[in-house]
Amino acid sequence: VRPAFQIVERCRKLAAHTDEPGFITRTFLSDAMRGVHADLRTWMQHAGMTVSIDAVGNIRGYYAGATADAPRLIIGSHLDTVPHAGAFDGILGVVLGVELVELLIGRRFHFAIEMVGFSEEEGVRFGVPFIGSRALIGDIDGTLAVLAGDAIRAYGLDPAKIPDARVTGPTLGYLEFHIEQGPVLESLNLSLGVVTAIAGQSRCDVRFEGHANHAGTMPMNLRHDALAGAAEWIGAVEREAVAGRDLVATVGRIDARPGAGNVIAGSAAMSLDVRHVDDAIRTGVVARLLDCARQIAARRGLTFTSELRLDQPAAPMDAGLTEVLAQAVRAGGHSDHRMASGAGHDAMIMAKQMPAAMLFLRSPGGISHHPDESVLAQDVAAALETGVHFLEQLERTHG
Ligand SMILES: [Zn+2]
């Protein structure tokens, strides 16, 4: 259990490196990231890794295999945070991986281990997420390189070297430890969850238009109330998601105009967010919900328009590597509960290029993206033990 306490302590220590005193806010290549890199560099070197920072600011620790031409296993998660974050989202996976390598005390496998602390996952600084992992799979286009170029240069790095960040050579796969950021594992009284897939996402901007008018003089039967139409539709969105299986649908934003208490709303603009691990189900749900909105609009004498903002396919984790992970969880005496991730993660990006697997740790209270975010030392110990079994199982398979 002592290494688990050290992991929690190190996460708390790294939380002190923040862009905003009094809060945990750490964005892509901010000055606070220098402190995180310095601490991680020390710990990685102590664990026997060779450390470098690539051109997008990912910190990379290389722990050599038994032979120079050994394939590599990549273990990673992200170092950046949302504004006013907790101390564990992302960074726990990096600190846990470093501890895992330290526990090997110099033991070599027939594969090398590369630890990656991704510089950017949340998309806070430039509104573009996953800059760190996208660099590893060679998915940084010219526009993004220009957008992030000044920040990269200000940090002392060279944007021209971004292509060198790409992973080359034989790779066994990618493993990520991450807090669940939801209440499911806690509700099942489980420490760990084996991620089967990362859900796909659809996001739309939608709008009902009617006629603004006087709230006192316009009789109910003559109104074209955009907000009342929106309210009817929001109820339908919720009913559709509740009736579905492992489906979530959310209207998280509404802007009613003109927005006065004594005026019937002339327009209501909203967001729609739909997530499911099956892309056909997800796109089918979106189509039904938009159709439902058109029917509501027609009945109420409103117009309805929609614009698709994001159509991101689901990312299944690799079946083989996930089975190795599930076995490792069971070898530690834990239940290998399988679950989908409703949130996006670096594993989703890495899965485009190599087998990826992901392990969730219980989030107490289901709390994340909040200062009260936490993790239980017993769950960290369980994840660490799983990591050891995972490496041993890979060694048996590839040795
Ligand atoms: Zn995260």
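Every read-out reported here was derived from the displayed coordinates using simple, explicitly stated rules and does not represent laboratory data. Nothing here was measured: the structure is a model prediction, and the numbers come from that model. In this analysis, Cβ positions are derived from the backbone assuming ideal geometry, glycine residues included, and neighbour counts consider all displayed protein chains.
Couple of notes before you dig in:
- Shape class of segment 144-273 from the alpha-carbon gyration tensor: oblate, with a/c at 1.5 or above and b/c at least as large as a/b.
- Contact order, relative form, for segment 1-123: 32 percent (alpha carbon pairs under 8 Å, 6 or more residues apart, mean separation divided by residue count).
- Footprinting exposure proxy ranking of LEU321, LEU227, LEU73, fewest other C-beta atoms within 10 angstrom first, gives LEU227, LEU321, LEU73.
- Segment ASP246..GLU323, full-extension length gain: 25.5 nm, with 0.36 nm per residue of separation and the alpha-carbon distance subtracted.
- For TRP233, TRP43, the sequence from fewest to most other C-beta atoms within 10 Å is TRP43, TRP233.
- Net charge in the neighbourhood of ALA199 (other residues with Cβ under 10 Å of its Cβ; Lys, Arg +1, Asp, Glu -1) is -1.
- Restricting the calculation to alpha carbons of segment 1-74 gives Rg and Dmax of 14.6, 47 angstrom.
- Relative contact order (%) - segment 209-308, alpha-carbon pairs under 8 angstrom, separation at least six: 35
- Among residues other than THR217 with Cβ under 15 Å from its Cβ, the summed charge is 0 (Lys and Arg +1, Asp and Glu -1).
- Overall form of segment 85-220 per C-alpha gyration tensor (a/c, 1.5; a/b vs b/c): oblate
- Distance between the modelled labels on HIS337 and ARG309, one decimal in nanometres: 3.2 nm (7 Å Cα→Cβ projection).
- Note that segment 14-158 shows a convex hull volume over its alpha carbon atoms of 99 Å³ per residue.
- Normalised by residue count, segment 220-308 yields a Cα convex hull volume of 96 Å³ per residue.
- Nearest-ten-degree value, helix 377-398 long axis tilted from longest Cα axis of the chain: 60
- All distinct Cα pairs of segment 146-200 go into the 1/r average, and the inverse of that average, the Kirkwood radius, is 15.6 Å.
- Length gained when the stretch ALA16-ASP291 is fully extended (0.36 nm per residue, less Cα-Cα span): 94.1 nm
- Å³ per residue enclosed by the Cα convex hull of the chain: 150
- Distance cut-off 19 Å, percentage of C-alpha pairs in segment 323-399 lying past it: 47
- Taking every C-alpha pair closer than 8 Å and separated by at least 6 residues, the mean separation divided by the residue count of the chain gives a relative contact order of 22 percent.
- Electrostatic bookkeeping for GLU186 treats Lys and Arg as +1 and Asp and Glu as -1; over the other residues with beta carbon under 15 Å from its beta carbon, the sum is -3.
- For segment 100-162, fraction of C-alpha pairs farther apart than 15 Å, in %: 60
- FRET efficiency estimate (nearest 0.05) - Cβ-Cβ, VAL1 to THR42, R0 25 angstrom: 0.60
- The GLU9 and LYS352 beta-carbon pair, evaluated with R₀ = 25 Å, returns a calculated FRET efficiency of approximately 0.10.
- Loop-resident trypsin sites (Lys or Arg not before Pro) (DSSP state other than H, G, I, E or B) in segment 104-145 with no more than 13 further Cβ atoms inside 10 Å of their Cβ: ARG107.
- Amide H contacts of ASN213: ILE264, each under 5 Å away and 5 or more positions distant or on a separate chain (H built 1.01 Å from N in the peptide plane; Pro and chain starts excluded).
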